[in-house]
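First comes the structure, then the notes that go with it.
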Amino acid sequence: MPRRKTGRGIPPTPTPLPPRHMSETKFNLFEDQVKDMIIKSKRPPPGWSHKPALDGDNERLAEKIPTLQRTRPPSLEKTAFISSDTRGLTGPFGDSDEGTSDLSLEPGSFVEIRRAHSSSHGIILGSYYVNRMEIFLALTTQGEIWEHKGDDVAFEVPSLVPSDLALRCGHGDVAANKNELKARVEVLKALKSVQKETEDAMNLLISRGMDVYEAVREKGESSSNSLSGDYRWGSTTVSEVARILQTKPLHRPNKEYLPHQASFTHLLAAHKYLISNSRYFVVSHDFVTSKRFGVRPLADVNRIKDVEKWTQTENKTILPDGTLTGPIEQFVEKVKRIMQKNKLSTDGSPSRTLSRTHTWSSNDLTILFYLCAALRPTITVQPDPFPAVQYILKRIYDRGDVADEIVHQLLVDIGAMALWEDTLNLRLTSSSPELETGQHWTPDSDTIVERASAQREIQQASPRKSTSTYNPAGQVLGPEDFYSSDPVEALRHDFGDMPVYVIDDIDAKELDDGISVEKVHDQPDQIWVHTHIADPTSILPPTHILAKRADILTTSMYFYHGTYPMLPRSFTHHPSYGSSLGSTADQSKGQPTLTFSVKVDLTSAAILDYVVRPGVVRNTVTVDYTSVDKVLGMPINLSSYPFGGAPETNVDANAALLRSSPRFIEDLHLLHRVSEASVARRYREGIFIQTRTQAEICNIEWPSFDTPFPSSTTTELLPYTYSGFPSSVYRVYQNTSYDFGAHSIVAECMKLASRTASMYCRDRKIPILRRFSSIPTVDSEKALVDILDARSKSGHLGNEGFKLGKHIISDTVAAYTTELKGHWGLGIPEDEGYVRCTSPLRRYADMVIHWQIKKALLDEWNGRRAPQPLSSSEAKKSLPASDIQSEAFSVLSGSSSPSSSTSPSFSSFSPLFSKEWFEDFAVRNKASERIRKRAGGQHQAWWTTAWLMRWTEKHYNGYEFLNVIAKPSTTASPTPKDPNSSNPDPFRSLSGFAVGIPEQHPHSRKWQVNVLIQALGIKAIMVNEDRNICSPGGRVVADGIKDLEIGTEVEIDISGMRLGAKPQVQVVPKKR
């Protein structure tokens, strides 16, 4: 094509071609044909039609969907997603709720599914159960059906497409017919629209170039934390980041920006930004509902960046011999020298020796912190923020991919962690959002209690004004103010010298419930049971800083190495007003309680009447479970000790105390009749419980010295070498023990109180949070009959239940609700409900229930509601209301009340917490309880596995021990070191019950199955071996794991153990 000449700097332009002309005849013919086609398309004449076809876009979407005629292998994205499942089967205790979700994933819901770097958008089509775990089916943007667990969902929007459209898509891997294909095309169109809008939003958000981390991280000093902002975790939400990213940048004032109100796709874009940047942001335990992320401290981020920078070649120094060196290479050389010298031994008591041969440099501390931070359970929905771990460990151990137990092994080998240091401690002391512990369990809690107590004493010592003008509700409470007086003091019923039996473990600290019994003189088969619950809300308002911290902590947490109380011990055990029953110095002054009284039929366990009232108890009798069992003539210490070492039971003092009073003995026998009748009632109602054992480590003798490990604030770490291991006893107990004797008395009385709380709120239409559980799904009526016939009198199934378990499709599911629902597992009917209210010292939700009920009690007395009828006995015992309390209860919320001249009216009644508040609270409370339950399970699994590993090392040959790993030696089969020893050895004849359907490992593709080892009280994973599987009698029950049926008892041998972030015990079928 010829080009015109141009001047300097002017680009050449092509010479245009001459126009081409159409003759008038041809143009008129073309125009007539077009008009004719338009007319016919609007009003087709008879016989003129065309075959409907999908448009181009629909055709392209349809091509992505596998059909019976068009199959294809899984996409690379699906393959990566499947291979990213690192969870496998459960460990020694398992996660009973693993795979469950805090979301309600109904058909038609939009979800983002994530595992590490693999993710996709999808629409939920349905679900099914495998091993009693719900598996969801989602049609993804790839046109494929992906199976995933609830934990894989990182983002959800309900009802993006109609549920009937989702159901029409079918559940098969391929579209079985045209209707399913058409429905899937429609769903893909919706997904494509979301994906395009999200990509546009992501591009716009990223183009702003804003430093989101700097905008949301912690800065400055904290009034409640001595750490500077650079060392404190922060918190942010998806909506907050979406707003930040939509802000018009100051340096680009003309740049287009989004409206302040973020849309669904803008929120999804912000979510993707946060979840993908795991170096800076960490999902919180409840992120799927709260959309909340933890923000790493700047110090942590800088250390992570430093370690990753040190892995890069350009940041290394070239030595004269041509090799590259840097901080990591120097650390590796030092570590190898230390490991050659350190020969750790687990024999003897714990000890430590300060090494004189090396010190840790600041760079070493940075790397050690990096390794410790990586030693925690994998967050499956986020990319690994510690990719350099593999780089470091491969240079130390010269092996392929390394797992978390290798990180643990290294830290133990070099003395950075003691051999007995539970990896959970790394999470508890990090102040991370995972458990939200470090920043709230602080020493300043005791200082707050001291200040608030002093202020309260001053207020109480001040002369009160006349009751005509004194108005305690008129106070405005500050964040550290206790109530100056008990808001319901005038309503309290004084139980005088009535014995209140506080029954708990001998070493229990938070004693929050006691029980009294009172005969009904004209009805010998009826009694009143009074359940007295500790009342911290008598002085603690919901606005107090300790209450706010309790809300965040959710519950007290109990570990072998210590307790993390929800409320500080200085508050619950204060000598003047301590809430823990029996903790005050002078019992004659009494302790406040919230008392739930029920009249019970001793034959049927039916509730005939109830009363709820604030109380005062003055005669607490504190005893342990074993002492009560001894007085009742029940078997004591039903636990087993498979390795010996059963401790002596010394309960003579408490048992003698109970026997010293005929009334004590009579009361306990009456309460025992109540518990027996309650257990029998559940049996009649068809409740069944799977019998299982659980291990516990007790009598641990801890070392007298601390064992520090690297953290984000560590500036110096002494080079210690640790040896030995704390002595302890391995105990196994069975869940059946809670339905007998003293444990049953306490459990059944607490259930009576919880039923009473629900009925009180039901009868007054008070919003409340209830606990409910669903009926398990059984595959046939015959199977249900077989299950019920296999029960013991307490409703337990025994070992036969494992075999019958194959008929149970889904277990009972417990959850929270604001509606009136029954609790199947406890045998509580739909019209009663169940409200947890018996542990306000260790569960924040129970404390909320107390505030709510006391608000209603006082409002009834003040006339804000029509008074409810009381029993005749209650009417005689109740105290009159005082003028002082005439307007009191707005003080429960810490706000000012109406003036004293304002008279309360029926219309002015309102609950302290609304139904909507409880619905929001239920979601976050469930998520918080769930992560704490998992942490407790990990803690138990770690200690159980560590104990078994140490015992095996001491008593068996044929294992290779690497401190935190035990595996069979390649040179010899495991055998006892002393075959003639008389010491107990359960390893010689181990058996286990298959408690799941065999699965293939996602990586090795070998078959494996969960087995429950009743003798040891643990779950283990049985891995594939090329041998027959036999029952304890030697009969072949399966040719391999793949063919093993649920409930089959098989002979096994321990084949390996490992600690790390997710401890595990492996077994293999026993050789014959």
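For the stretch 530-600, the relative contact order is 39 percent, taking Cα pairs closer than 8 Å that sit 6 or more residues apart in sequence and dividing their mean separation by the residue count.
Based on protein heavy atoms only, the stretch 296-337 ends up with 52 Å² per residue of surface accessible to a 1.4 Å probe. Note that the stretch 123-178, at 10 °C in a medium of 1.306 mPa s, gets a Stokes-Einstein diffusion coefficient of 132 µm²/s from its Kirkwood radius over C-alpha pairs.
Of LYS782/LYS1042; LYS305/LYS933; LYS316/LYS336; LYS196/LYS291; LYS599/LYS765; LYS548/LYS854, which ones are farther than 24 Å apart at the Cα? Over 24 Å apart, Cα to Cα: LYS782/LYS1042; LYS305/LYS933. Seen from THR620, the other residues with C-beta closer than 13 Å to its C-beta sum to a net charge of -3, counting Lys and Arg as +1 and Asp and Glu as -1. Straight-line cross-link partners of LYS35 among the lysines, defined as a Cα under 24 Å from its Cα and at least 8 positions apart when in the same chain: LYS26, LYS51. Ranked by the mean number of other Cβ atoms within 10 Å of their residues, highest first, the peptides 694-707, 748-761, 1053-1066 fall in the order 748-761, 1053-1066, 694-707. Solvent exposure of the stretch 488-598, expressed per residue, is 33 Å² of accessible area, with all protein chains present and a 1.4 angstrom probe.
Semi-axes of the equivalent ellipsoid of the stretch 933-999 are 24, 16, 14 Å, computed as sqrt(5λ) over the eigenvalues of the C-alpha gyration tensor in descending order. In the distance distribution for the stretch 921-1032, Cα-Cα pairs more than 21 Å apart total 55 percent. Once the convex hull of all Cα atoms in the stretch 695-836 is built, its volume per residue stands at 239 Å³.
How many percent of all Cα-Cα pairs in the stretch 639-683 sit more than 17 Å apart?
More than 17 Å apart: 59 percent of the Cα pairs in the stretch 639-683.
Taking 18 Å as the straight-line reach from the Cα of LYS343, the lysines in range (excluding those fewer than 8 positions away in the same chain) are LYS334, LYS954.
Report note on the peptides 164-172, 495-503: ranked by the mean count of other C-beta atoms within 10 Å, highest first, their order is 495-503, 164-172. Here the accessible area is traced with a 1.4 Å probe on the protein chains. For the stretch 476-608, carbon and sulfur cover 51 percent of it. Taking a sphere under 15 Å around the Cβ of SER678 and counting the other residues whose Cβ falls inside, with K and R at +1 and D and E at -1, yields a net charge of +1. The Rg/Rh ratio of the stretch 291-379, with both radii computed over alpha carbons and Rh defined as the Kirkwood radius, is 1.06.
Note on LYS192: aspartates and glutamates with a C-alpha under 19 Å away, same-chain residues under 8 apart excluded, are ASP55, ASP57, GLU59, GLU63, GLU77, GLU112, GLU144, GLU156, GLU180, ASP200.
Taken one residue at a time, the phi angles of the stretch 131-137 give Karplus couplings (6.51, -1.76, 1.60, θ = phi - 60°) of 6, 6, 10, 6, 10, 9, 10 Hz. Gly and Pro are set to x. Each Lys or Arg adds one and each Asp or Glu subtracts one; over the other residues with Cβ under 13 Å from the Cβ of ASP173, this totals +1. What a 1.4 Å probe finds exposed on the stretch 712-852 is 53% carbon and sulfur by accessible area, rounded to a whole percent.
Per-residue extension of 0.36 nm, minus the Cα-Cα distance of SER660 and ASP398, leaves a gain of 87.4 nm for this segment.
The stretch 986-1063 has equivalent-ellipsoid semi-axes of 19, 17, 11 Å, by the square roots of 5 times the alpha carbon gyration tensor eigenvalues, sorted largest first. When each of the peptides 385-398, 732-745 is scored by the mean number of other C-beta atoms lying within 10 Å of its residues, the order from highest to lowest reads 732-745, 385-398.
Projected label points at PHE264 and GLU197, each 7 Å from Cα along the beta carbon direction, are separated by 0.6 nanometres.
The values are calculated or read from the model by the stated rules, or taken from the named source; none is laboratory data. As the structure is a computational prediction, the values presented were derived from the model and not from experiment. Cβ coordinates were reconstructed from backbone atoms using ideal geometry, including for glycine residues, and neighbour counts include every protein chain displayed. These accessible areas exclude ligands, DNA and RNA; they are computed on the full protein's heavy atoms, side chains included. Shrake-Rupley method; radii C 1.70, N 1.55, O 1.52, S 1.80 Å.
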